[in-house]
C-alpha cells in the first residue's frame, strides 16, 4: 500500500489496494492504519453496493440509519444522502450520538460530487482533549452530557454520555460532545452548560486539530466516530451523493464516574423550565427502565 499522511493531526490517503477484494493481511493493515490516522481515504475504488457492504462488514455489524430514509438506495445496510434532498451535514458531529450505543465506524462511498466545493473536514478529539488546560480536563472528566435527535425531528430520542470517553482499543481519552446532537451538561445549570458546551464545541474544531479532504468520485472513506468529528462544507450548487455503511456502536465508557449528581431545580417540579425538562424526562425514563429490569430479574 502507498500511504500519504494528509495532516499532522489525522488523515491519510491510501492507494495500492482494491477494497472490493481485500485480503486478510490487507484488512489487518487497514485497521492498524485507521487506529493511527483516525480517518482513511481510498481514491478510485468505484465499489458496487454489494462490494461496499461486504467491505464494511470487516469492521463489525452494520445498522440502518435510525431516523432517515435513503431515497434511491434499497440496500438496508446503506444510508444514502443526496444534497438535493437536504443531505448536507453542515454542523460538526460524530454520528448518531443520541443513541445509547453510537456508531463506531462509518464507511462512505462518494457516488457523485461537485467539481468544486463539498469538501469534508474531520477533527481529532484525542487532541481536543489533550490540549485542554489541566483544570478544564479535570472538570470535564467528571461530567456527562445529554444528546438528542432534534436535527432529525426526534427530540424525544435521547442518551446521556460522558463528556470525555475512553477509547476501548487505544485506552486514550477523547472529547465526546458536538454541536449537532449535544444539548446539555447534566450536572450543571443550563446557563453554565451553555457556556461550557459553547467553548468545548468551538474548541474541538480548532483548525490545528483538523484535516480537509477534497472528494473525487469513487473514493471510499473510513473514520472512527469514537475519536473524531466531521463537517461538510455547504459551499456548492451541484448534486452531491454519498452512500454510507454504519458499524453498530458500543457504550461510551468514561475514564471516571460522574463526580456530581444531575442538577435539577428545587421546589415544585411542575414549574420546571424548558431547559431542565428534557434532562428530567430522560432521567425519569432511565429510572423507570431500571426499576422494570430489576423486577424482571
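Note on residue 133 and residue 75: their simple-model spin labels are 4.9 nm apart, each label 7 Å out from Cα toward Cβ.
In the chain, helices alone account for a calculated mean residue ellipticity at 222 nm of -7500 deg cm²/dmol, with every DSSP H run of four or more residues adding -39,500 (n - 2.57). Short-range pairs are left out: with C-alpha atoms under 8 Å and at least six residues apart, the relative contact order of the range 1-57 is 38 percent. Ordered by the count of other Cβ atoms within 10 Å of each Cβ, fewest first, 227, 140 give 140, 227. What the Cβ-Cβ distance of residue 260 and residue 57 gives, at R0 = 41 Å and to the nearest 0.05, is a FRET efficiency of 0.50.
At full extension, residue 275 and residue 33 could sit 82.9 nm farther apart than now, given 0.36 nm per residue minus the alpha carbon distance.
Distances over 12 Å make up what percent of all Cα-Cα pairs in the range 183-241? Don't skip to the answer; put the middle values down first.
Values: 1337 of 1711 pairs.
For the range 183-241, the fraction of Cα-Cα distances above 12 Å is 78 percent.
Please order 42, 181, 59 by the number of other Cβ within 10 Å, starting at the fewest. Display every interim value, and only then the final one.
Values: 42 24, 181 27, 59 21.
The most exposed by this proxy come first: 59, 42, 181.
May I ask for the angle, rounded to the nearest 10°, between helix 24-37 and the longest principal axis of the chain, with both axes built from Cα atoms and the value confined to 0 to 90°? Rounded to the nearest ten degrees, it is 50. Values of log10 I(q)/I(0) for the range 10-61 across q = 0.17 Å⁻¹ run -0.51, by the Debye formula with one identical scatterer at each alpha carbon and no solvent.
Distance between the pseudo-spin-label points of residue 289 and residue 205 (7 Å out from Cα toward the beta carbon): 2.9 nm. Dividing the convex hull volume of the alpha carbon atoms of the range 161-217 by its residue count gives 131 Å³ per residue. Note on residue 195 and residue 3: the model spin-label points, each 7 Å out from Cα along the C-beta direction, lie 4.4 nm apart.
Cβ crowding within 10 Å, taken as a proxy for footprinting-reagent exposure, orders 4, 158 from fewest neighbours to most as 4, 158. Over the chain, Cα pairs under 8 Å with separation of 6+ residues give a relative contact order of 30 percent.
Under the 0.36 nm per residue contour assumption, what length would be gained going from the current alpha-carbon distance of residue 23 and residue 44 to full extension?
5.8 nm
When Cα extents along the principal axes in Å is calculated for this entry, the matching label among (i) 63, 45, 32; (ii) 63, 45, 42; (iii) 76, 43, 37 is (ii).
Reducing the range 184-241 and the range 1-45 to their Cα centroids gives an inter-centroid distance of 22 Å. If the viscosity is 1.567 mPa s and the temperature 4 °C, what translational diffusion coefficient in µm²/s does Stokes-Einstein give for the range 129-279 when Rh comes from Kirkwood over Cα pairs? Result for D is 74 µm²/s. What relative contact order, as a whole-number percentage, does the range 104-174 give when Cα pairs under 8 Å and 6 or more residues apart are counted? Averaging sequence separation for qualifying contacts and normalising by length gives 26 percent for the range 104-174.
All of the numbers you see were taken from the coordinates with simple rules; none came from a lab. Source: prediction; values computed, not measured. FYI the Cβ positions are ideal-geometry reconstructions off the backbone, even for glycines, and counts take in every protein chain you see.
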